[in-house]
Amino acid sequence: MDVALAVFGAQSKSPSPEYLDSIRTYVSNHEILHCIVDQIKTIEAIWYSLAEADPEIAGLENARQYTKAIEDWIIEGKPDEVASIFSGIVSLPRLLIVQLAQYFSFLDESHISHGDFIRCVSRLGGIQGFCGGLPAAVALVSAVETHDLQTSICTAIRLAYAIGLYAEIGDDSRTPGFTTMVVRLKNEGQADELIEGLDGVSGSNRFL
């Protein structure tokens, strides 16, 4: 099989509960991805560690509720709430898990191993990731052997969750939908110029 390129990108909307349920079933029964279930069982410990070190993380009102939504989806098989949350606390690890399941499903259907796939694309376009798809790309290119790959995947989930927590600091969880916009500024201080005079809008210099 000739493969030139794999791209993992952002996601414009949340998958349906039915689709997320199918993802959970696939992950739970997959010889490599089942490690995700064990990782999610310990994900709340990451919040505790970060909250202890950073008062802003400790002050996130909905962090534990959103964390429980991820646990309910993967561990308990209850995807309804996790499908309706826009916060990065949920959406980043959710996207990562979905993309990993889609990738290995493609490998299964194509009858090709992860190692063979990596060798194919390394000669051409490689595996690319941008925005929310970067954790999946990094996790997959970081290892070939099963044990190392599982370690890489679990590390990516922890990082995606932590990034989501810090992104939430600049968000407003009380408002439905998206409340954060990321822009590239031409010069320092331009953010203040852009939002001057806009009620209820604030700028952030927080970089992840």
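For the chain, take N as its residue count and report Rg(C-alpha) divided by 2.2 N^0.38 Å.
The value comes to 1.09.
Give, to the nearest whole percent, the P(r) tail of the range 74-126 beyond 13 angstrom, counting all Cα pairs.
Summing the P(r) of the range 74-126 above 13 Å gives 69 percent of all pairs.
Which of the GluC sites (Glu not before Pro) found in the range 1-87 are loop residues per DSSP with 10 or fewer other Cβ atoms within 10 Å of their Cβ?
Sites meeting the loop and neighbour criteria: Glu31, Glu61.
How large is the accessible surface per residue of the chain, computed with a 1.4 Å probe and reported in Å² as a whole number?
With the other protein chains kept in place, the chain gives 57 Å² per residue.
Excluding residues on the same chain fewer than 8 positions from Lys78, give the lysines whose Cα lies under 29 Å from its Cα.
Within the straight-line cut-off, Lys78 pairs with Lys13, Lys41, Lys68.
Assuming 0.36 nm per residue, please report the length gained on full extension of the stretch Asp2 to Asn187 beyond their Cα-Cα distance.
62.2 nm
Modelled label-to-label distance, Asp80 and Val37, 7 Å Cα→beta-carbon offset: nm?
2.3
If each residue of separation counts as 0.36 nm, what is the full-extension length gain between Asp72 and Ser122 once their alpha-carbon separation is subtracted? All intermediate terms of the calculation are to be shown ahead of the outcome.
Numbers: separation 50, 0.36 × 50 = 18.00 nm, distance 3.72 nm.
Result for the pair: 14.3 nm of gain on full extension.
Among the aspartates and glutamates, which have Cα under 17 Å from the Cα of Lys186 when same-chain residues fewer than 8 positions away are ignored?
Partners found: Glu196.
For the range 2-18, just list the computed ³J(HN,Hα) in residue order, Karplus coefficients 6.51, -1.76 and 1.60, θ = phi - 60°, integers in Hz, with x standing in for Gly and Pro.
Each residue of the range 2-18 in turn: 9, 10, 9, 7, 10, 10, 10, x, 7, 10, 7, 8, 6, x, 6, x, 5 Hz.
Under the rule of at least 5 residues apart or a separate chain, name every residue whose amide H is placed under 5 Å from the amide H of Gly129.
Amide H to amide H, under 5 Å and 5 or more residues apart or across chains, Gly129 pairs with Phe8.
The values are calculated or read from the model by the stated rules, or taken from the named source; none is laboratory data. Note that the structure is a prediction, hence the values are computed from the model and not measured. All Cβ positions, even for glycine, are placed from backbone atoms using ideal geometry, and neighbour counts span all protein chains on display. The area values use the complete protein model at the heavy-atom level, side chains included, leaving out ligands, DNA and RNA. Shrake-Rupley method; radii C 1.70, N 1.55, O 1.52, S 1.80 Å.
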